[in-house]
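Notes for the one structure printed next.
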C-alpha cells in the first residue's frame, strides 16, 4: 500500500527519504540509527529538544511507511525485507504524533492487537497479547500511589517515550470494561472481578489517564 501524502517517500538508488515523528519510545532513535537511518544535524537537534513535530531522514532503500486498517492516523514502518520496524501514530488535529520502534522480538508492540488505547473504537476491548496479558498503552498519567499499587498486584510499568507516556502490562485475566457513565470512561477489573482502577479516555484523541483505587473503600464508593 502506498504512503499517504503526509508520509510520502522519495527514493534514490541507495536510500529512501521518510518522515518520522520526533517523539518516540526510549531507545527508538538509537535503534533506527543502528538499522541505517541517517539524519542531518538540524534533525538531530530537533530530536534532542523532544519537539512535537515530524522530521525527515534517509532510510535504507526499500523501507516504506504503509497505511493500516486500524486508523487513518496510524501507520506502519517496514524495512526492505518486509519486517515491521515501527508503529507511527499521527495526531488527528495536527502535530507530530509519536512513534514506537520495535526494540526486540519480545516487544509487545509487535502484536497487531497492541495499540494505544486512544486509537480504539469506543466499544473495542483493550489489547490482550497471545500470552493473556492485558496491555494498556500510552497512558499520560497515573494518580499518586497508583503505579505502586499496580506493581504490588503484579503489573509491569514502563515509560515509553520522551513525553513520559506509560505502558501498563497487567496480569492475565484482567479486563478493561465499558461503563454507563460515559463512553470515554472505562473500569479495570482484576481476574477475581475486583474493581482496580478507572481509565479516562480523551474524546478528541490524546493519551488517556488512569486512577487506581488505593483502598477497597475508595473502590466501593465508585460502585
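Here, each number is a calculation from the coordinates, and none is a lab measurement. This structure is a prediction, so every number in the text was calculated from the model and none was measured. Cβ: placed from backbone, ideal geometry, glycine included. Neighbour counts: every protein chain shown.
Below is a table of values for the structure above.
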{"item": "Förster radius 35 Å - calculated FRET efficiency between residue 159 and residue 217, Cβ distance, rounded to 0.05", "result": "0.70"}
{"item": "Gain in span if fully extended, residue 111 to residue 179, counting 0.36 nm per residue against the direct Cα distance", "result": "21.8 nm"}
{"item": "Cβ crowding within 10 Å averaged over residues, with 137-147, 210-220 ranked highest first", "result": "137-147, 210-220"}
{"item": "Förster-model FRET efficiency, 25 Å R0, residue 30 and residue 129, C-beta, rounded to 0.05", "result": "0.50"}
{"item": "Peptides 75-83, 166-174 ordered by average Cβ neighbours within 10 Å, highest first", "result": "166-174, 75-83"}
{"item": "Length added when fully stretched, residue 200-residue 45, from 0.36 nm per residue minus Cα-Cα", "result": "52.4 nm"}
